[in-house]
C-alpha cells in the first residue's frame with residue numbers, strides 16, 4: 001500500500017496570508033490527524049477527522065481549521081499566518097481505531 | 001503537570017550498551033501506550049505498542065508498562081549508532097485522545 005502523502009512539502013508564506021495543506025491517507029484509513037511540530041513545543045495535536053467529521057480537537061486558535069472529504073483526503077487551513085506558525089505540519093492516518101498512527105513526510109511551513 | 005512527560009535528554013549511551021528511555025503519564029484511565037522513533041528531518045514511525053502490564057519484547061526493543069506507577073519505558077539492547085534519534089512516547093487517554101510526550105533525544109556513541 002502507498003503511504004501517507006502530503007502536499008506541498010515546503011512552503012514559504014508571509015504574515016497575514018493563509019495556507020492550505022493537503023493530506024492523502026493510506027488507502028482504507030478513515031481517520032486523519034494533524035500535528036504541528038516545532039523544536040520548542042514538540043508534537044502538538046491539532047485535530048482529527050473521521051468519516052468527514054471532526055472527532056477530536058487540540059488547543060489551537062480558530063485560525064487553524066480542517067476538513068475531510070468523502071475519499072478520506074484531508075485539508076488543513078491556517079488563516080492570518082503569524083511568524084509562530086512556522087513549523088513542520090504532520091498528517092497521520094489510522095484505520096479508525098485511534099491506535100497506531102502512520103505519518104506522512106510533513107509540510108514544512110516558513111512564515112516570513 | 002504535563003499529561004505525558006519524558007526527559008528531553010540528550011541521553012548519551014555507548015555503542016553496545018542498553019539504552020533506557022522513560023515516560024510517565026497522568027491519566028490513570030489510559031489503556032494504550034506507544035513508542036515512536038523520529039530521525040532528524042523525518043516523520044515519527046512506530047516502534048512498539050503495549051497494552052498490558054509487564055514486558056513486551058520485539059528484537060532488540062523491550063517495552064515495559066507499569067499502570068500502578070503510571071510509567072512506560074523502552075529498553076534498547078545492544079545499542080547501535082543507527083538508534084540515534086528522538087524517541088516519542090504517546091498515550092491514549094481515557095477520552096480516546098492520543099497524547100504525546102516531548103521526546104527524548106538519544107545519542108549512541110561509537
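Quick notes on this structure:
- Two-site label geometry, residue B:11 and residue A:9: point separation in nm, points 7 Å out along Cα→Cβ: 3.2 nm
- Max mean-square fluctuation residue, GNM over chain B, Cα-Cα springs under 10 Å, options B:84, B:49, B:94: B:94
- Estimated D of chain B in µm² per second, where Rh is the Kirkwood radius over Cα pairs and Stokes-Einstein applies at 37 °C, 0.692 mPa s: 237 µm²/s
- Note on residue A:51 and residue B:77: with the Förster distance fixed at 41 Å, the Cβ-Cβ geometry gives a FRET efficiency of about 0.50.
- Here residue A:79 and residue B:107 are evaluated by their C-beta separation; at R0 = 45 Å the FRET efficiency comes out at 0.70.
- Label point 7 Å beyond Cα of residue A:63 along Cβ direction - residues of the range A:1-26 with amide nitrogen under 20 Å: A:8, A:10-22
- Each of A:32, A:111 was scored by other Cβ atoms within 10 Å of its Cβ. Arranged with the fewest first, they read A:111, A:32.
- Neighbour counts of other Cβ atoms within 10 Å put B:51, B:71 in the fewest-to-most order B:51, B:71.
- Global geometry of the range A:5-50, whether rounded, prolate or oblate, following the gyration tensor of its Cα atoms and the 1.5 cut on a/c: oblate
- Computed FRET value (nearest 0.05) for residue A:30 with residue B:51, which takes r as the C-beta separation and R₀ as 25 Å: 0.70
- Neighbouring Cβ atoms from other chains, within 10 Å of the Cβ of residues in B:40-50, number 4 on average.
- Of the residues A:15, A:108, B:37, the one with the fewest other Cβ atoms within 10 Å heads the list, and the complete ranking is A:15, A:108, B:37.
Every read-out reported here was derived from the displayed coordinates using simple, explicitly stated rules and does not represent laboratory data. Computed from a predicted model, the values in this text were never measured in an experiment. Please note: Cβ atoms are built from the backbone with ideal geometry, for glycine as well, and neighbour counts cover all protein chains shown.
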